[in-house]
1. Filter the trypsin sites (Lys or Arg not before Pro) in the range 340-374 down to the DSSP loop ones having no more than 12 other Cβ atoms within 10 Å, then list what survives.
2. How many percent of the accessible area of the chain is carbon or sulfur, using a 1.4 Å probe?
3. Lysines near K9 by alpha-carbon distance under 18 Å, same-chain residues fewer than 8 away left out - which ones?
4. Find, among the trypsin sites (Lys or Arg not before Pro) in the range 1-67, those assigned to loop by DSSP (not H, G, I, E, B) with at most 15 other beta-carbon atoms within 10 angstrom.
5. What is the Cα coordinate range of the chain on the first, second and third principal axes, sorted by size from largest, in whole angstrom?
6. Accessible area per residue of the chain at 1.4 Å probe, in Å²?
7. Based on DSSP H assignment, which helices of the chain show an axial Cα extent of at least 30 Å together with a mean Kyte-Doolittle hydropathy greater than or equal to 0.5?
8. Which sequence of M41, M1, M364 reflects their accessible areas, 1.4 Å probe, from the largest down?
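The values are calculated or read from the model by the stated rules, or taken from the named source; none is laboratory data. Bear in mind that the values here come from a model prediction, so they are computed numbers and not experimental data. Glycine gets a Cβ as well: all are built from the backbone with ideal geometry, and neighbour counts include every protein chain shown. Accessible surface areas use protein heavy atoms only, side chains included; no ligands, DNA or RNA. Shrake-Rupley method; radii C 1.70, N 1.55, O 1.52, S 1.80 Å.
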Amino acid sequence: MSKINKHIKSTINSISSEVLNGENYSRSDFARSILNYPAMMVPSVQEPIIQKLSEALNTEVSLFDPFTGASNTLVTGMKYGMNVFGQDINPLSILLSQVKTTFYNAEELNELEIRVCNNIQNDKSKKIEISFVNINKWFTKEIQIELSRIYRAIRREVNKDMRKFLWVAMAETIRLTSNDRTSTFKMHMRPIEEINSRQVSALRTFFSVMTKNVKNINDFISILIQNGHIKNGQYIKQAKVVWGDTNSNIKTNQTFNLLVTSPPYGDNQTTVTYGQFSYLPLQWIPVEDIDNNIELEYLKSTQEIDGKSLGGRIKEDIKIIEEKIFEKSNTLKKFVCQFKDNERKKAEKVSRFIYELDNSIDKMMPHMRENSFLAWTIGNRNVNKKVVRNDLILSELFLFRNIDLFTGLERDILSKRMPTKNNFSNTMSKESILIYKKTT
Ligand SMILES: C[S@@+](CC[C@H](N)C(=O)[O-])C[C@H]1O[C@@H](n2cnc3c(N)ncnc32)[C@H](O)[C@@H]1O
């Protein structure tokens, strides 16, 4: 390893475990607080990594997150004045990320808040604006009426960016006031007695979320202004997020010198169900206010987004899939082949997920320049009570492309929203940050 690479490696490895474990991290941080999206990356953990890798690159940085989620990676990059580009299959991630990466004028946001509050309070109509199967299961009548008043007030706004901002506040309101439990990402109704005795108002919730979000966005914009990244009311570099399936294609011709991401871990149908989490808010938000290029009938069922996400679909014959993917990862082969019958069937889902992850890497790599860095945060999980070593498997997938692990870090994770059943807590209590360097 060259002297310079050794130096970069040692500066990355010098990041303290306190920082990596996010011990000093405030959950009210802007990047996380606008909407509580599942499995968000911790900005204070990403920040030193992004910062040190950009110092090592020593040139203008173009940052790519192919699994954008809540875009915490992208907004961290923006603090350093980077060009940022993100893609995600979940329309709610796109809406949230568009809002977080857009420059909003503080005064206009403050005026918006007052105007929208007034319009909502003057609306006495009881008309319900949305209908879908099971609406009465997921929302009480009172909440439907209140959400409809919010909906009408948002639609009155002429500026699309302002509407987007308001839809995000409405999405968080829906998360907090629907009959769906907030303790898991999967759709799971609260007990009837709890629903009947709950004192919850969508209007009050919306007003307080809106106030919090105005403040958080203004705080973030102030950081960008202080750091000199805003000129003439615009972010000085490019910041773009698009809807897209990373397993099919990357929707840009751009190339990048830094990739920082955290993929799903292959449990998006069972535990971290990004799609189910998004299903209720997406019922209320018009698609034309998110992205007209969305090629997914995401409201068809509660399973639609998760089914189309990495590892969720059954396309090719599993025999063919395993033949191809086992050649690239011996760890995966050993894991899957230890099982029989039903357990083997369950393990096949891991093969399918890794196969699609590998295919996604194929789509990303042509967009990564020579000497670019790729930082992947990935955790292991349990299937059939045995650990799937996603960390080792990922490194084998890169090794197959002649890309060695540059350096790796480990961090403790503590998530209050993860169920502790299914041996989940043991294996998911640690996560790896694996850094690769594309040399050719
Ligand atoms: C762990 S989250 C990403 C966290 C994010 N990097 C951050 O900074 O907070 C994983 C994301 O991958 C997305 N995803 C899953 N399958 C996908 C696919 N085939 N194409 C694009 N995004 C996908 C999910 O919708 C989810 O938002």
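1. Taking the range 340-374 and a limit of 12 other Cβ atoms within 10 Å, the loop trypsin sites (Lys or Arg not before Pro) found are K340.
2. Working: 9330 of 19690 Å².
Result for the chain: 47 percent of the exposed heavy-atom area is carbon or sulfur.
3. Partners found: K52, K437, K438.
4. R27
5. Here the spans come out as 68, 57, 39 Å, largest first.
6. Values: 19690 Å² over 440 residues.
Roughly 45 Å² per residue, with all protein chains present.
7. Numbers: long enough: 202-226 (35 Å, 0.53); 341-364 (35 Å, -1.33).
Span-like helices in the chain: 202-226.
8. Details: M41 25, M1 120, M364 0 Å².
These residues rank, largest area first, as M1, M41, M364.
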